[in-house]
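Written out below as structure tokens is the structure these notes cover.
The values are calculated or read from the model by the stated rules, or taken from the named source; none is laboratory data. Note that this is a predicted model, so its numbers are computed, not measured. Neighbour counts run over all protein chains shown; Cβ positions are idealised from the backbone, glycine included.
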Amino acid sequence: MANLIQHNIQQVQERIAHACRRVGRSPEDVQIVLATKTVEAGRILKATRLGYPIIGENRVQEAEEKIEQLDEYAAELQWHFIGHLQSNKVNKVVRFASMIQSIDRMKIVQKLNRRLKKVDKTMDVLIQVNTSGEDSKYGIHPSRALAFVEKASEYKRLNIKGLMTIGLFSDDWPKVRAGFRQLREIRYAIAAEQLEGVQMEHLSMGMTNDFELAIEEGATMIRLGRAIFGERSTPDSYYWPGIESTTDLH
Ligand SMILES: *Cc1c(COP(=O)(O)O)cnc(C)c1O
């Protein structure tokens, strides 16, 4: 339903504006990435048409299907990859993604760089950091993030644009906030190194349950699924092996 998506987006916009006002930020500095796992192409298009062209997909095959369905709108859409990337899917992701937000191991960095070289492209990437301390989540341990970025920056086909994290699934808000704050601090520490090929422009953090906290802590990209499209029927464990569901908190 177009109207429901429109209504949800209006509410999200108001909440973003409030969160920004609390900390003296401008809403223009917070981009929405539509988190579209399980959402069919037609509904995604409705949201992009309301001014949000960035689509974040978790699975390569699901992304490819939707890209095909939305082929005639290709010029107005940007696809980000936000899920766990398997190394045998790297070549496919290179074909459609304008950004990969979930770089979490050197093997992927190497494979990606090799592929990009072969097809003579570069790719914007974010490094995923596990700030929640939950083993079930992917991402580099915070204590190794700087060393990882230093090493990854040697692979010149990747433009490292910042960091991404998935917040702690909890309603203990101070703890959730602490994770986001930690990501911000890691970003400063990395930026201070002034590494070649590294621009710490982006902090991608905050989802439906916690995006206001993330904005208060400096998020430049928030990834929203349920806040815009409503509840998902497929459990998130299908996309994130090892976890129960982001909706368990409700
Ligand atoms: C599903 C997902 C989101 C959005 O989750 P919601 O709680 O629906 O907003 C954000 N980031 C990633 C990596 C996801 O898989």
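Quick check on segment 156-205: of everything there that is acidic (D, E) and in contact (Cβ under 8 Å) with a residue 24 or more places away in the chain, which residue is farthest from the ligand (Cβ to nearest atom)? Let's see the steps before the verdict.
At the first step, the residues of segment 156-205 found to be acidic (D, E) are 171-172, 185, 193, 196, 201.
Add one more test, that the residue is in contact (Cβ under 8 Å) with a residue 24 or more places away in the chain, and what stays is 171, 193, 196, 201.
On the way: D171: 13, E193: 26, E196: 28, E201: 19 Å.
Among them, the one singled out is E196.
Please work out which residue is farthest from E217 (Cα to Cα), limiting yourself to segment 20-73 and to residues that are of a type in the set (G, A, S) and exposed (fewer than 11 other Cβ atoms within 10 Å of the Cβ). Break it down stepwise before answering.
Here is the first cut: in segment 20-73, the ones of a type in the set (G, A, S) are 24, 26, 35, 41-42, 47, 51, 56, 63.
Those left that are additionally exposed (fewer than 11 other Cβ atoms within 10 Å of the Cβ): 24, 26, 51.
Numbers: G24: 11, S26: 13, G51: 24 Å.
The residue in question is G51.
If P241 satisfies every condition in (1) assigned to a loop (DSSP other than H, G, I, E, B); (2) modelled with pLDDT of 95 or more but one, which is the exception?
Result: P241 fails condition (2) only.
Checking R226 against (1) in contact with a helix residue (DSSP H, G or I) (Cβ under 8 Å, 6 or more places away or on another chain); (2) touching a residue at least 40 places away in the same chain (Cβ under 8 Å); (3) within 16 Å of the ligand (Cβ to nearest atom), which single condition isn't satisfied?
(2)
Can you pull out the strands (runs of 3 or more DSSP E) entirely within segment 1-120 that have at least 2 residues that are free of Cβ contacts under 8 Å to residues at least 60 places away in the same chain?
Fully inside segment 1-120 and qualifying: 54-57, 78-81, 99-103.
Among the helices (runs of 4 or more DSSP H) confined wholly to segment 130-236, which include 2 or more residues that are in contact with a strand residue (DSSP E or B) (Cβ under 7 Å, 6 or more places away or on another chain) and under 25 Å from E57 (Cα atoms)?
145-152, 173-192, 211-216
Condition check: closer than 23 Å to D210 by Cα and among the basic types (K, R). Does R21 satisfy that?
So R21 fits the description; yes.
Name the residue, out of E193, E201, that is surrounded by fewer than 21 Cβ atoms within 10 Å (Cβ to Cβ), modelled with pLDDT of 95 or more and within 27 Å of A97 (Cα to Cα).
From the options E193, E201, the qualifying one is E201.
Which of the following residues is within 16 Å of the ligand (Cβ to nearest atom) and at pLDDT 95 or above: G56, G24? Please lay out each step first, then the result.
Values: G24 fails: within 16 Å of the ligand (Cβ to nearest atom).
Result: G56 is the single residue among G56, G24 that is within 16 Å of the ligand (Cβ to nearest atom) and at pLDDT 95 or above.
State which residue is farthest from Q182 (Cα to Cα) when the search covers only segment 209-223 and only residues that are buried (at least 22 other Cβ atoms within 10 Å of the Cβ) and near the ligand (Cβ under 8 Å from one of its atoms).
R223
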